[in-house]
1. Based on the mean of other Cβ atoms within 10 Å per residue, sort peptides 49-61, 22-34 so the most packed one is first.
2. According to a simple spin-label model (label point 7 Å from Cα along Cα-to-Cβ), what is the distance in nm between residue 146 and residue 87?
3. Pull up all non-local amide H partners of residue 39: gap of 5 or more, or a different chain, and H-to-H distance under 5 Å with H placed in the peptide plane.
4. Each residue of segment 52-61 in turn: what ³J(HN,Hα) in whole Hz from Karplus with 6.51, -1.76, 1.60 and θ = phi - 60°, glycine and Pro shown as x?
5. Points 7 angstrom from Cα along the Cβ direction at residue 123 and residue 28: gap in nanometres?
Amino acid sequence: MKKALLAFGMLLMTAPAANAGALTHKLSSSVQLTVDAAATRALRVGSSYSVSGNGVSTTDGTNAGAVGGLGAISSGIGSPANITATQATSGNSFSFNQSYLEGDALSGSAPTVGSVANYSDLTSTTAGTAGSLAGTIDTAGAISVTAGGAGSSVVGQFVSEISIFD
């Protein structure tokens, strides 16, 4: 016990070291209110045609050796020929593959907000309304938020930061 007291006393007698450390404490509150605007996003998918083959003879009904294509295009949509294939040499291996993806037809005007047009990938939203959207911070730092109407969002946050520098 005497040794512990002696050690503690010696610790108190040492000269204090230079302290360049600092303590910082920050408090902050914030509120963010947002009302989204009307928006429409449309991606039109185009037509595509693909053909491949090995060991076959092809025809479109009129021309021997025809391999196809998108043909005449009307309103952005192709009309590919009907290609048929027959085995070129009996007893030999053969393969034939043909695919067609019909794209979206072109329309005379862009879709209006909130409507759905004839496109493969479309996102449409209507205008947001603030409604009762509100956010306040009182003098004590208390945050109060109130949800609004369609297309609105409110975020309130309080941040407390303590930094000790040595």
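1. 49-61, 22-34
2. With each label placed 7 Å out from Cα toward Cβ, I get 8.0 nm.
3. Counting only residues 5 or more places away or on other chains, the set is 125.
4. The phi angles translate into 8, x, 8, x, 10, 10, 10, 7, 9, x Hz.
5. Distance between the two pseudo-spin positions: 2.9 nm.
FYI, it's all coordinate maths here, none of it is from the lab. Everything numeric in this text was worked out from a predicted model, so none of it was measured. Positions of Cβ are backbone-derived with ideal geometry, glycine not excepted, and every protein chain shown enters the neighbour counts.
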